[in-house]
Amino acid sequence: MVSEIFIRYETTTGLEKTARFRTDETSINLDLRDITIVDLLPLIWCENLETLCLRNNSLIEIDLSPLEKCGKKLRSIRLNNNRLQDIDFGPLSFCPDLEEVSLEHNRLKRVDLSPLFQCANLKELVLDKDVGLTADLLLRSVGSWPEVLVEQYHRILWKSDSLR
């Protein structure tokens with residue numbers, strides 16, 4: 001028997017809502033729901049999750065840490081057209097099959113790409129042109145990078161731990 005999860009979220013008008021998904025879903029789509037706050041913790045039960053979409057909402061922040069548990073098969077995360085000002089890619093380093101990260105049209109000023117260097121299959125990284133990119137200086141000497149990060153090399157500000 002397949003069980004279900006309930007993802008709770010709040011809209012811009014303050015309404016608390018719930019979206020129901022099966023735990024065997026490969027795609028979770030929460031696009032166009034006017035979401036300002038979302039609790040992704042129930043995703044830890046979705047071991048087959050390949051795509052997570054939260055496009056065209058009003059998210060100001062998002063906690064991706066549940067992806068550390070369920071992200072083994074995650075291929076795509078789409079967060080375009082929100083109000084994100086900051087994002088921690090740390091949990092994405094636990095997603096070895098990740099191919100796409102889309103964050104276009106948010107309010108991001110700077111993003112630390114360091115965790116994405118663990119995503120060997122990353123093919124698409126979509127960010128606005130004016131977003132500053134940083135990465136850990138030690139990663140400069142690491143041999144194999146995802147090609148999409150090689151293409152961004154000239155834009156990355158390399159930082160040592162003492163400068164963070």
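The numbers here are math on the coordinates, done by the rules we state, and not lab data. Values in this document were obtained by computation on a predicted structure and should not be read as measured data. Methodologically, a virtual Cβ is constructed for each residue, glycine included, from the backbone with ideal geometry; neighbour enumeration extends over all protein chains shown.
Observations
- Prolate/oblate/rounded label for region 59-151 (Cα gyration tensor, a/c 1.5): oblate
- Virtual spin-label span in nm between Arg83 and Ala120, 7 Å along Cα→Cβ: 4.1
- Taking the Cα centre of region 42-164 as reference, the dipole from Cβ charges on Lys and Arg (+1) and Asp and Glu (-1) amounts to some 200 debye.
- Cα lying deepest toward the dipole's positive end in the chain, options Ala135, Pro146, Leu52, charges on Cβ: Ala135
- Separation of the Ser65 and Lys129 label points, Cα + 7 Å toward Cβ, nm: 3.7
- For Leu133, the residues whose modelled amide H falls within less than 5 Å of its own, excluding neighbours fewer than 5 places apart on the same chain, are Val111, Leu157.
- Local net charge near Leu122, Cβ-Cβ under 12 Å (Lys/Arg +1, Asp/Glu -1): -4
- Residues listed by number, region 95-133, amide nitrogen under 20 Å from Ser144 label point at 7 Å toward C-beta: 95-101, 114-125
- Cross-link pairs beyond the 23 Å C-alpha cut-off, checked among Lys109/Lys159; Lys17/Lys123; Lys17/Lys109: Lys17/Lys123; Lys17/Lys109
- A Förster radius of 35 Å combined with the Cβ-Cβ distance from Arg107 to Met1 puts the calculated FRET efficiency at roughly 0.25.
- Taking θ as phi - 60° and the Karplus parameters 6.51, -1.76 and 1.60, the scalar couplings of region 47-54 work out to 6, 9, 4, 10, 9, 10, 10, 9 Hz in sequence order, x denoting glycine and proline.
- Comparing Cα centroids, region 1-65 and region 70-126 end up 16 angstrom apart.
- Extension gain from Lys17 to Asp39, taking 0.36 nm per residue of separation minus the Cα-Cα distance: 6.8 nm
- Unit charges on C-beta of K, R, D, E only; dipole of region 7-68, Debye: 260
- Directionally averaged projected area (convex hull, Cα atoms, the chain), nm²: 9.5
- Cβ-based charge dipole, region 4-163, positive-most Cα from Leu157, Leu41, Gly71: Leu157
- Neighbour net charge for Ile62 - beta-carbon separation under 11 angstrom, K R +1, D E -1: -4
- Label-point separation, Lys73 to His154 (7 Å along Cα→Cβ), nm: 4.0
- With the helix formula -39500 (n - 2.57) applied to DSSP H stretches of n ≥ 4, the chain reaches a computed 222 nm mean residue ellipticity of -1000 deg cm²/dmol.
- For region 4-163, share of DSSP beta bridges that run antiparallel, in % to the nearest 5: 35
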